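What follows is a short report on a single structure.
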Amino acid sequence: PKARVAQAAAANAGWYTMPTYEAEFPYGLAKSGVTKEMLRTFLGRKLAVFLGDRDTDANHKYLNRDPGASAQGKTRFVRGKIFFETARSTAEDRGLYFGWELRIVKGASHSNHEMAPSVAEYFFPIWTAP
């Protein structure tokens with residue numbers, strides 16, 4: 001809550017700590033120590049969730065497939081969309097300001113090289129990818 005961050009980005013995560021108290025940490029906030037006030041602050045931050053629309057390999061060798069992660073969806077792309085929508089609906093249900101945005105990167109898979117230009121544009125809007 002006291003992070004000195006103007007804006008942040010998350011990209012193509014393999015699984016998420018969902019911003020609800022329905023699942024236990026690390027897949028949710030139950031037993032995490034995160035208070036409702038901390039959650040309010042987190043949901044109000046300027047955060048962009050970046051997802052590659054081709055990050056859809058359910059058999060990727062580095063994709064977390066344990067039960068907690070698998071419950072979030074079969075692929076990183078699906079999990080990311082569910083994470084964002086869960087955060088949005090949590091904020092809406094609690095009447096909280098929601099400062100996040102979802103950015104889908106067309107043609108990008110699970111690749112830093114394919115994601116980096118879009119993330120750089122988010123942080124440096126005057127920058128143009130070559």
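Testing VAL5 on (1) outside any loop (DSSP other than H, G, I, E, B); (2) open to solvent by 70 Å² or more (accessible area, probe 1.4 Å), one condition comes back false. Which one is that?
Going through the list (1) outside any loop (DSSP other than H, G, I, E, B); (2) open to solvent by 70 Å² or more (accessible area, probe 1.4 Å), VAL5 breaks only (1).
Which residues, taken from segment 71-121, are of a type in the set (Phe, Trp, Tyr) and in contact with a helix residue (DSSP H, G or I) (Cβ under 8 Å, 6 or more places away or on another chain)?
Hits for segment 71-121 are TYR97, PHE98, TRP100.
Identify, by number, the condition in (1) at pLDDT 95 or above; (2) open to solvent by less than 30 Å² (accessible area, probe 1.4 Å); (3) of a type in the set (Gly, Ala, Ser) that ALA120 doesn't meet.
Exception for ALA120: condition (1).
Of these, ARG40, ARG94, which one is more than 21 Å from ALA3 (Cα to Cα) and either among the basic types (Lys, Arg) or modelled with pLDDT under 95 (or both)?
Numbers: ARG40 fails: more than 21 Å from ALA3 (Cα to Cα).
It is ARG94.
Just the residues that are out of contact with any Phe, Trp or Tyr (no Cβ under 9 Å at 6 or more places or on another chain), farther than 17 Å from ALA11 by Cα and open to solvent by 60 Å² or more (accessible area, probe 1.4 Å), please, taken from segment 89-109.
Hits for segment 89-109 are ASP93, ARG94, GLY95, TYR97.
State whether the residues of segment 72-88 include one that is at pLDDT below 95 and open to solvent by 90 Å² or more (accessible area, probe 1.4 Å).
no
The values are calculated or read from the model by the stated rules, or taken from the named source; none is laboratory data. All values derive from a computational prediction rather than experimental measurement. Every residue, glycine as well, gets a Cβ built from its backbone with ideal geometry; the counts of neighbours run over all protein chains shown. Quick note on the areas: whole protein, heavy atoms, side chains included, nothing else; ligands and nucleic acids left out. Shrake-Rupley method; radii C 1.70, N 1.55, O 1.52, S 1.80 Å.
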